[in-house]
Structures are given as structure tokens and as C-alpha cells.
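Worksheet for the structure shown next.
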Amino acid sequence: MSWEDNYRLWQAADLTQDLQAELTEMAKDQNQLVEAFTQPMAFGTAGMRGVMQPGINAMNIYTVRQATEGLAQFMDQLEPAKKAAGVAISYDSRYHSQEFAFAAAGVLGAHGIKSFVFDSLRPTPELSFTVRHLKTYAGIMITASHNPKQYNGYKIYGSDGGQMPPEEVDQIVAYIEKVTDLFSVKSLTQPQLRDAKLLQLIGEDLDQAYLAELATITIRPDLIKKVASELSLVYSPLHGTGKMLYDRVFRTAGLTQVAVVPEQAVLDPEFATTLFPNPEFPQAFELAEQLGKNVKADLLIATDPDADRLGAAVRQPNGDYHLLTGNQIAALMVNYILAAKQAMNQLPADGCIVKSIVSSEFATKVAANYGIETRNVLTGFKYIGEQIEQMETTGQGHFLFGFEESYGYLVKSFVRDKDAMQASVMLAEVAAYYREQGKTMYDGLQELFEKYGYFQERTVSFDFPGLSGQETMANVMAAFREQPVQAVDGVAVTTTEDYLHQTKTLSDGTVTELNLPQADVLKYYLADETWIAVRPSGTEPKIKLYFGVVGKSVEASQAKIDAYQAALAPRFKN
């Protein structure tokens, strides 16, 4: 069907009042109509994410019902016990999130599938925990994570609490694609669901269970108790779900001097205090820094709206704050976890950390110093979850920590996705560790740099918007393969890993097979210990270019990245 045909269907449909008003407004902009009605929103292993508006390429109650109908039809084919296990559902503070959550429950109910829906917004990691705790077959999280206010999203979790594996997702997508009439999807109302016992509200019962597990995160409670009165923290939930639990999380850990950024503790779908509710951006920390200077905080912590990502800033000797990168946060936590466990004779001989292939080698070097293995996986926390499952199933390996450079961390495996609540507690304990020594975490970071090298990383995004964006992105990636990168700024490429073709090619032409799942990723290793990776985003129309370097100073490392970025940038012109 043409975009005009799809548009006419929506004009004739009995839309909700808000969508009808938006559709009338969209009629003034044909480009917007073409974008919204030409092709359906992509549904990948990370689910779907898009602007909230009318259209088949947007987040609205009808595309949410369509996606859920695909999941429900897939579950109809399962053995009765698995289908009867039901689906857990949570949501964040965005516009329409609660509406989308109950819309999903209504569609599942029409198929006789029970939903366990939170009574109000809760963090993504708590949804992951809930799937495991209630032993549901699947989970649905309504969130657009750290995207701007115009966006929302829909993620499906598997029975292990991790994002559903590609094999199952492909089958669900096949069912979704068969749902061509979005307006005919059957759905039950909340009263109908309750009467049929197909909807159970959950909340404090799951909070208590999750908090009980979070209470086990601290390695040295005595350390926190010792410095609790001196250690000052500032926390911001960035208008999101972290507000629901942070106070009890920190108090349970024994942290008594925690100040919340009041303006950002308002559950506001407008994210009024920040352009992007993303804890990796300095602007998101402006209010936290102001409060931090007033209370002389050692550490500032911010979590994104669904509380799976964590960013942090540490106090410098001059009283200003230094925003840490995701890789630096990971290195500091890995160093503390391994040192603390080693000192307590609790460091397992087969222990390992798990990270994505586009994350820094900083933590790898730290782990190696303690004799701990690092396992590399594809981007996507589900792959870290798969490694945890493999270790627990086979008994080979002992999970100690998992992370991605994009500010996602996991300390313990009762959750199978990145968990900013766990990370908040652990990072506070790291701050306590340095406080006991009369140091700050900034001092600790400098010590790690001096010992292991000045690791620096950078991620650059190249946007390819519009209907032609996906085709252009495919052409850019094809050009990288057709015209291989042999050197960057005069430094030779020693190894090229192509995860799409599953090959590892050395500079002498030797080719071996990679043992990770297939993905459209290229990774280059240079002669000076630099690595560079190229991959299309799984949720946005952009290609990401990653750099990881090590030098004798921060300035030297940054100069390397600047030179490499300038050398490769022309390849991304569209």
C-alpha cells in the first residue's frame, strides 16, 4: 500500500481523540505524513522505539496493540504451561506509557494470557527481576530509555529476564507482520481483564523482593558504616522511575547522606529541566552540580528515566566536578570489586567479567591484574545475560560484573539487564573505599590511569534520517567492506573483525572464523593498541563509530582520537 492509502485508512478510522487531533495537525506537513505512513516501524531484538504520533511508523496505541498481538499469537503456539505463565508489564514516566502498558495487557487478555502489571511506573531492571521472580514467560517494558520526550518504546523480555533472543523475536515479528489491520486487534478492558482473572496488579510485593536482593550488593557493609556520616552523595532520577526506589535503596545500603535533586525528582514526561534525560550528557548534571557544591558531595549520580543506565560525576581537588565516562565508571567498579573480594578471600579462580566488543579495554587490563578473565560479547545486554546463563548452567565461570560503554552495568545476576539501582549502590561503595583512604574517586581514577595507561574512548554518531536513511546506512557499511580499511592516519590495521561475515582477517591475509553471533559490526585493531568499531544503531537511524585508545597522557590519547576521527569521517558522507 502507498502512504496515501495508509493515510486514508487512518483518516477513516475511529481514532482516540488525541490521535485524531494530531492527525489533523499532521495534514499540514506532507513530509511528516510520508514518514509516518510509508513503512511500519522496525521491530528488532531491542524492540521498537519511535516518536509518539499517528501512523504505522510511530508509537501509538494501535502499533502497541499490533506488536502485542504478534507476541500473543506467538504465545498461542506454546505448550499450555508456558502460555499460562503470563507476561509481566512495567512502564516509565513518559506520555502514554501507562496507557500503552494496559493496552498490551488488554490484547494479551483477549488471547487468554494473564498479565502482571505494576500499579505505577517502575524501573526496567525491576521488570527484568519480576519476570524471573514470578517465572512469567515474558515481560514487556514501555520506555524510550534516555530519548527525548517525543519518544516512547516497547521492549520484550524472555523468561530469563533478559531481552528476548533474536530467534524468538524473529518469530514474533513474523506474526506482527501478519497483523495488517491495526484497528481490528481485539482487546479487553481493565474491568473485563479483572473479571476474567487475566490481570493482576503488582507493586510493593515486588518492590520488597527486589530491594531484598539489592541489599546483597554491598561487599563491605562495614566500610560504608565507617564513613557513612562523612560520605555525601547527590542523586537525580532525571524525572524518571529511579524516584520510586532510590531512598530505600540507599538507606538499605547504609548510606545516610544522600541529597536528591528536587527539581528532577518530579515525575515529569516533559523532562522539563533537561533537553535530553541522558546521564552521559553534562547538561543533565547541571542541577546536581549546583546541589553538590552546596552539600560538598563526593559523588553525583544520575539515572535515566527507566533507571537502567547510570552516569556519575566526582569531585575534583578544586571543588568542581568531573563527569566520568561509562568505561571509567566500569574500570573503577571492577577494580574495587576485585580488590575487595581478593582481600576477603572471596575472589573465585574462575571468575570473569563480561563486556561488549565496543567497550574499553581499561577494565580488561584491571581484571587481568587480578587474574580474572574478560569475555567479549556483541552490543546488547542480552548477550551479557546469555553469558551469565551459560556460566550458571555449565558451572564453568563465575560472573563478577558486566558492562557496556553506554553507561550500563550489572553487579549481580538476579537481574539480567543493566541495572542502575545496583550500580548506584556499588559506585557509592567505591566512593566509600576511597573516602576511607582520605581520597576521592577522582584520585582513584588517576591512580588507575598511572598504573594501566591513559585509556580514552569516544563514540561518534552519524545520522541518516528519512525514508532513504536505512538504504544509505547499508551503502556506507557495504563501502567499508568493499574498500577495506588498511591504515588510519598512517597507523596500520593489524586485524579486522567482520561480525556480519563471521571472519577475523589478519594483515598477512590469514582468515579465521569468529565465534560470536552474526551482527552488522566491523572492528579494527591498529598497531598502537587502538581499536575502532563501526556499527549501525539497533534503534535509531544512525551509524556509530567507536574509538578506544591508550596513551601516556590524557592529552596524547585525545589527540589520537581526534586524528583517527578526522581520517574516517569522509567515509560517512551521504
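The values are calculated or read from the model by the stated rules, or taken from the named source; none is laboratory data. Note that the structure is a prediction, hence the values are computed from the model and not measured. Note that we place each Cβ from the backbone using ideal geometry, even for glycine, and neighbour counts take in every protein chain shown. Areas reflect the complete protein model, heavy atoms only, side chains present, ligands, DNA and RNA absent. Shrake-Rupley method; radii C 1.70, N 1.55, O 1.52, S 1.80 Å.
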Those helices (runs of 4 or more DSSP H) lying entirely in region 68-187 with at least 3 residues more than 23 Å from Asp419 (Cα to Cα): 80-84, 97-110, 166-178
Residue check, Ile384 under 23 Å from the mean Cα position of the chain (by Cα) and crowded, with 18+ Cβ neighbours inside 10 Å: yes
Test: residue in region 419-440 that is of a type in the set (Asp, Glu), surrounded by fewer than 21 Cβ atoms within 10 Å (Cβ to Cβ), in a helix (DSSP H, G or I) and without any contact (Cβ under 8 Å) to a residue 40 or more places away in the chain: no
Filter result (in contact (Cβ under 8 Å) with a residue 40 or more places away in the chain, more than 11 Å from Met333 (Cα to Cα) and open to solvent by less than 50 Å² (accessible area, probe 1.4 Å)) within region 445-464: Leu448, Phe449, Tyr452, Gly453, Tyr454, Phe455, Gln456, Glu457, Val460, Phe462, Phe464
Residue within region 197-204 that is open to solvent by 50 Å² or more (accessible area, probe 1.4 Å), free of Cβ contacts under 8 Å to residues at least 40 places away in the same chain and either touching a Leu at 6+ places or on another chain (Cβ under 9 Å) or farther than 18 Å from Lys83 by Cα (or both) present: yes
Selection within region 321-344 - over 22 Å from the mean Cα position of the chain (by Cα), hydroxyl-bearing (Ser, Thr, Tyr) and closer than 16 Å to Ala302 by Cα: Tyr321
Members of region 506-519 that are of a type outside the set (A, V, I, L, M, F, W, C) and either open to solvent by 70 Å² or more (accessible area, probe 1.4 Å) or touching a strand residue (DSSP E or B) at 6+ places or on another chain (Cβ under 6 Å) (or both): Ser507, Asp508, Thr512, Glu513, Asn515, Gln518
Residue satisfying all of: in region 275-294; open to solvent by 60 Å² or more (accessible area, probe 1.4 Å) and part of a loop (DSSP other than H, G, I, E, B); nearest to Gly326 (Cα to Cα) among these: Glu280
Selected residue (criterion: least open to solvent (accessible area, probe 1.4 Å)) from residues of region 42-62 that are under 21 Å from the mean Cα position of the chain (by Cα) and over 15 Å from Pro541 (Cα atoms): Met59
Test: residue in region 71-82 that is at negative phi, of a type in the set (Lys, Arg), at pLDDT 95 or above and in contact with a Phe, Trp or Tyr (Cβ under 7 Å, 6 or more places away or on another chain): yes
Some residue of region 67-81 being among the charged types (D, E, K, R), touching a Gly at 6+ places or on another chain (Cβ under 8 Å), open to solvent by 10 Å² or more (accessible area, probe 1.4 Å) and touching a residue at least 40 places away in the same chain (Cβ under 8 Å): no
Flag if Leu338 is at pLDDT 95 or above, in a helix (DSSP H, G or I) and under 24 Å from Val550 (Cβ atoms): yes
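Of everything in region 334-367, what is aliphatic (A, V, I, L, M) and buried (at least 23 other Cβ atoms within 10 Å of the Cβ)? Give them in sequence order.
The answer is Val334, Ile337, Ile353, Val354, Val358, Ala363, Val366, Ala367.
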